[in-house]
Structures are given as structure tokens and as C-alpha cells.
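Here's the structure we're looking at; comments come further down.
The values are calculated or read from the model by the stated rules, or taken from the named source; none is laboratory data. Remember, it's a predicted structure, so these values are computed and weren't measured experimentally. Backbone-built Cβ (ideal geometry, glycine too); neighbour counts: all protein chains shown.
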Amino acid sequence: MAAPQTCPMCGVKILVGIVGGDRVLFSAGPPGTRARLYARVCRYVDKPGCINKDGGSQTASPNDYYNPDLPR
Ligand SMILES: [Zn+2]
């Protein structure tokens, strides 16, 4: 059963217990991985209360980073 957790620092919801890995619900765009959340949000926040510290140990793909140079 998936139970959403909300990171008190980032304000982002994470669905844990999902087959294939946790899903992060961003305020905009499709759900992503913890690595994506870390790449986009948590590494900038860097506060002790962040529940996604582990995201930094996962490999983020280049698509996981904001890249204003890429056409959308
Ligand atoms: Zn966080």
C-alpha cells in the first residue's frame, strides 16, 4: 500500500512502497524518482529535515536536472 510522505523542507510528496521504486509527485510535470527530486530540489535546500537525503545517492539522469538550454 502506497503511503505518501511529504518532505517538510521541499513540500514535495513522495509515494513510497511503489513497485519499481518510490514516486515523487512534483507540483508541475509528471511524477519522477527520488534522484530527480534531489537533483531539482533537495540539493539546493540542504536542510536537516529533508526526507530525501537518500536521493543524492541515486543516479540522476541528465533529464532529471533542470536544463534551460533544452527546448521543451
Ligand atoms: Zn527534500
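Some observations on this one:
- Extreme residue, nearest to the ligand (Cβ to nearest atom), among residues of the stretch 30-46 that are at pLDDT 85 or above and part of a loop (DSSP other than H, G, I, E, B): Thr33
- Pairs with Cβ under 8 Å, 6+ apart, first in the stretch 1-24 and at negative phi, second within 16 Å of the ligand (Cβ to nearest atom) and among the acidic types (Asp, Glu): Ile14/Asp22; Leu15/Asp22; Val16/Asp22
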